[in-house]
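Colleague: For reference, the structure I am asking about is given below.
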Amino acid sequence: MMSRFMLLAPVAWRNLWRNPRRTLITLLVVAIGVWSILVFDVILNAWVTSSREASLRLLTGEGQIHATSYLDDPNVAHRMSEPEGRLLRALNSPVVSAWVRRVRVPAVIQSEYRTRAVTFLGVEPPGERIVSDLPSQVVVGHYLRDSDDIGIVIGRDLAEKLKTRLGKRVIVMAQAADGHLAERSFTIAGLFDGSQAAQDEFVFTGLHTAQSALGIGHDISEISFDTAPAASLNDIVSALKHAAPSRGIEPWTALSPLAYAMESFSQSYIAMWLAIMFVLMAIGIINTQLMAVFERTREFGLLQALGMRPGMILFQVTLESALLVGIGVLVGVLLMLITLVPFRHGLDLGFLAAGAEMFGAGRVLYPHLDPGDAVRYSLIVWALGIGAALWPARMAAKADPIVAMAES
């Protein structure tokens, strides 16, 4: 086999350049196809990662614990006591890297000029800095200092809509534990940036301050937790459900269905694009090789008359296709690297950022090339390209020497 390859490889290489224009066009088709597949894979994976991280690092975490009916009706009536016993031991186990308690209820915030519906959260600032990115997104003023902090942190966009600013006072109104409308005045301690949806929806104060304002004692609305790097989320959720069967415990896949759907279907999207691009490449490859075979009919007939077996002709034409597609694949990989290297530190979506946020992604994507994906898709394209060329190669091998040599 190796001797055949060494014998036919130089011939196959020279045959490729008999018609340079046709060869270059085919190389361009294959290269653009490979480039589009690899770039689409990297950008889609960056989008999926951004969507997942934006969701998890907002307030979701990798999982949450609530009272049974809280997710259906998230009000103060559906609260729960602080974790204790088996649940507390499970949360403090090594497989859970961090967890925080929160109070989260629907509320209304009122400034001197306007009123807006918001979600009022009481948080533990030290823990939130571990499980959430919001504390690091404060751009004016400061984040809450501890659970007893009586200030409030709101979104910068919300402050503009309320026509208020840092240091001004606002009133938060929410249903209290006894059913009456609780009102509490807060001084704005900080303004955070980030996604517009988060800026408009969430306002934060200290956990103990929120519990006191709502009259719920030490009760909480939710627990958000992150898992250790090597831990299985499903196993942790199962363990927590076993430790607290009366509480609702959900992984992020259930809490953020859009991010989960993007992650689940990302490989399907890649496979669909691969199929589309392969069909387009196959048309070009088959057309090129068919034209080459028809132009060389007399040559193949002469080679068979001189004693070359049909199998050798099949091998020669297939080898030409393998070289042609292989070079196209390498050029496509090179184009992909040239395209992505400038964005290795982040791709700012600019004017598309608002649309990206609507689908859960962040403003900046971080393209990361997985060498395994690049090698896998390149080999798939190369193998499929060779497969597409087998038909013309088979036609060349089946040519009748007498008929072929009789053709002008």
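The values are calculated or read from the model by the stated rules, or taken from the named source; none is laboratory data. Since this is a predicted model, take the numbers as computed values, not measurements. Here the Cβ positions follow ideal geometry from the backbone for every residue, glycine too, while neighbour counts run over all protein chains shown.
Colleague: Taking Arg114 as the residue in question, decide whether it is surrounded by fewer than 15 Cβ atoms within 10 Å (Cβ to Cβ), in contact with a Ser or Thr (Cβ under 9 Å, 6 or more places away or on another chain) and within 23 Å of Asp157 (Cβ to Cβ).
Modeller: Here the answer is yes, as Arg114 does meet what is asked.
Colleague: Across the range 344-372, what is the total count of residues that are out of contact with any Leu (no Cβ under 8 Å at 6 or more places or on another chain) and at pLDDT 65 or above?
Modeller: Count: 6.
Colleague: Could you tell me whether any residue of the range 26-46 is closer than 30 Å to Gly385 by Cβ and surrounded by fewer than 15 Cβ atoms within 10 Å (Cβ to Cβ)?
Modeller: Yes: the range 26-46 contains one or more residues that are closer than 30 Å to Gly385 by Cβ and surrounded by fewer than 15 Cβ atoms within 10 Å (Cβ to Cβ).
Colleague: Determine which member of the set Ile171, Ile216 is of a type in the set (A, V, I, L, M, F, W, C) and buried (at least 16 other Cβ atoms within 10 Å of the Cβ).
Modeller: Only one candidate qualifies: Ile216.
Colleague: Picking from Ser132, Ser111, which residue would you name as being small (Gly, Ala, Ser) and within 28 Å of Tyr70 (Cα to Cα)?
Modeller: After ruling out the rest, the residue left standing is Ser132.
Colleague: To continue, here is another question. Have a look at Gly122, Gly194, Gly215, Gly141 and point out the one that is touching a residue at least 24 places away in the same chain (Cβ under 8 Å), at positive phi and touching a Leu at 6+ places or on another chain (Cβ under 6 Å).
Modeller: Gly141
Colleague: Just checking, does the range 182-190 include any residue being within 34 Å of the chain's Cα centre (by Cα), surrounded by fewer than 22 Cβ atoms within 10 Å (Cβ to Cβ) and among the acidic types (Asp, Glu)?
Modeller: So far as the range 182-190 goes, no, none of its residues is within 34 Å of the chain's Cα centre (by Cα), surrounded by fewer than 22 Cβ atoms within 10 Å (Cβ to Cβ) and among the acidic types (Asp, Glu).
Colleague: Still on this model: Against the definition (among the acidic types (Asp, Glu), under 16 Å from Gly33 (Cβ atoms) and at pLDDT below 80), how does Asp400 come out, yes or no?
Modeller: no
Colleague: Select from the range 234-263 the residues that are part of a loop (DSSP other than H, G, I, E, B) and either surrounded by 14 or more Cβ atoms within 10 Å (Cβ to Cβ) or polar (S, T, N, Q) (or both) and list them in ascending order.
Modeller: Of everything in the range 234-263, those that are part of a loop (DSSP other than H, G, I, E, B) and either surrounded by 14 or more Cβ atoms within 10 Å (Cβ to Cβ) or polar (S, T, N, Q) (or both) turn out to be Ala244, Ser246, Ser256.
Colleague: Is there any pair with a first residue in the range 262-278 that is touching a residue at least 60 places away in the same chain (Cβ under 8 Å) and a second that is of a type in the set (S, T, N, Q) whose Cβ atoms are under 7 Å apart and which are 6 or more apart or on different chains, and what are they?
Modeller: Once the first residue is touching a residue at least 60 places away in the same chain (Cβ under 8 Å) and sits in the range 262-278, its partners that are of a type in the set (S, T, N, Q) give Met262/Ser51; Ser266/Asn45; Met277/Ser36.
Colleague: Condition test on Asp193, is it acidic (Asp, Glu) and over 18 Å from Tyr143 (Cβ atoms)?
Modeller: no
Results for (1) farther than 30 Å from Ser97 by Cα; (2) out of contact with any Phe, Trp or Tyr (no Cβ under 6 Å at 6 or more places or on another chain); (3) not assigned by TED's automatic domain parsing to the domain that holds Asp148, shown as yes or no for each residue.
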site: Phe192; (1), (2), (3): no, yes, no
site: Leu207; (1), (2), (3): no, yes, no
site: Asp226; (1), (2), (3): no, yes, no
site: Lys241; (1), (2), (3): no, yes, no
site: Glu250; (1), (2), (3): no, yes, yes
site: Glu263; (1), (2), (3): no, yes, yes
site: Met277; (1), (2), (3): yes, yes, yes
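Colleague: Hey, does the range 20-37 have a residue that's in contact with a Ser or Thr (Cβ under 6 Å, 6 or more places away or on another chain), assigned to a helix (DSSP H, G or I) and assigned by TED's automatic domain parsing to the domain that holds Ile386?
Modeller: Checked against the condition, which is being in contact with a Ser or Thr (Cβ under 6 Å, 6 or more places away or on another chain), assigned to a helix (DSSP H, G or I) and assigned by TED's automatic domain parsing to the domain that holds Ile386, the range 20-37 yields at least one hit.
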